[in-house]
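Data block below; observations after.
The values are calculated or read from the model by the stated rules, or taken from the named source; none is laboratory data. The structure presented is a predicted model; accordingly, all values stated were derived computationally and were not measured. Note that we place each Cβ from the backbone using ideal geometry, even for glycine, and neighbour counts take in every protein chain shown.
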Amino acid sequence: MALPEGAEGSWGEYDRKYVIGGNWKSNGDVDFATKHITENLNTAEFDTDKVEVVIAPTDIHLTTVQSLTNKKINVSAQDVSQYGRGAYTGNITADQLTDIGIKWTLTGHSERRSLFGETDQDVAVKTKIAIENGMNVMVCIGELLEERETGKTDEVNARQLQAVADELSEGQWGNVVIAYEPVWAIGTGKVATPEQAEETHAHIRAWLHENISGDVACATRILYGGSVNGENASTLIGQANIDGFLVGGASLKPEFKDIIKAADENKK
């Protein structure tokens, strides 16, 4: 895909607020949440005009975490049902999440796709329903190692994004944050180089430009996820098309504050 003018840089002076997301996955308990939030996260210093911090605990801890976090930190679900209320055992609906004050959710995480068989269409419908219920959505996309090695990264990302685009109006993209997570880098300790991540992010932005609109391409935050930690965050966040991170394991550690700090210090 050819990059439109400006794709290799910051796309002009458009100011995209960073997003630092923390996905706790199936980890933690009430004791952990209490200590981690009160002793670590609530003491993080950052400018909310520059950075949004969003943490995603398990569903059973959503209200506990929400009650503990200060007003600077947003709380997110890790997933949302593609159905409304009804006979869908085990599912939590978008309106049930907003009923308890949860305004963010993830969709399409690679573990949902690979372990639970979620299709691109499932992810797209979940994203649409969440947005229609007033939520912001981190839509996760990314390729497998063999897809990276065979040069299919952009093809895979485009396919996953197209499913979402088929469901959303242009205006609804204002509630979307894209989280690019190369599957081969999630929890493996392997990290895309800053150059690899930036190149892929630029191609994602170019895809938005060509298939949605220039305004959406400029405004949409694109996060990197894949073994981000306190040591590599400052290098990655310096790339023009990386607008933050979706962090896994490191979000459970004190170093999550270092990742937030790296973003806050980099934002002019």
Notebook entry, point to check: So, of the residues in region 131-160 that are aliphatic (A, V, I, L, M), modelled with pLDDT of 95 or more and part of a helix (DSSP H, G or I), which turns out to be nearest to A77 (Cα to Cα)?
Noted result: I131
Check: Taking interchain pairs and intrachain pairs at least six residues apart, which have beta carbon atoms under 9 angstrom, with the first residue in region 134-147 and under 15 Å from K190 (Cβ atoms) and the second part of a loop (DSSP other than H, G, I, E, B) and acidic (D, E)?
Finding: G142/E181
Notebook entry, point to check: Is it true that N157 is closer than 20 Å to Q121 by Cβ and either without any contact (Cβ under 8 Å) to a residue 12 or more places away in the chain or not β-branched (V, I, T) (or both)?
Noted result: yes
Item checked: Test set (1) of a type in the set (V, I, T); (2) assigned to a helix (DSSP H, G or I); (3) farther than 18 Å from I20 by Cβ - I259 fails condition number -> (3)
Note to self: One residue is enough: does region 161-174 have a residue meeting the conditions in a loop (DSSP other than H, G, I, E, B), of a type outside the set (F, W, Y) and at pLDDT below 95?
What the structure shows: no
Next item on the list: Inspect region 117-131 for any residue being without any contact (Cβ under 8 Å) to a residue 40 or more places away in the chain and either of a type in the set (A, V, I, L, M, F, W, C) or buried (at least 21 other Cβ atoms within 10 Å of the Cβ) (or both) and give the result as yes or no.
Entry: no
Next item on the list: Please name all residue pairs, on different chains or six or more residues apart, with Cβ atoms under 8 Å, provided the first residue is in region 42-66 and is more than 18 Å from K103 (Cβ to Cβ) and touching a residue at least 40 places away in the same chain (Cβ under 8 Å) and the second residue is surrounded by 19 or more Cβ atoms within 10 Å (Cβ to Cβ) and among the small types (G, A, S).
Entry: F46/A263; K50/A263
Next item on the list: Report whether or not A87 is surrounded by 22 or more Cβ atoms within 10 Å (Cβ to Cβ) and either of a type in the set (A, V, I, L, M, F, W, C) or not in a helix (DSSP H, G or I) (or both).
Entry: no
Check: When region 110-157 is examined, which residues are found to be out of contact with any strand residue (DSSP E or B) (no Cβ under 8 Å at 6 or more places or on another chain) and of a type in the set (G, A, S)?
Finding: S114, G117, A124, G134, G151
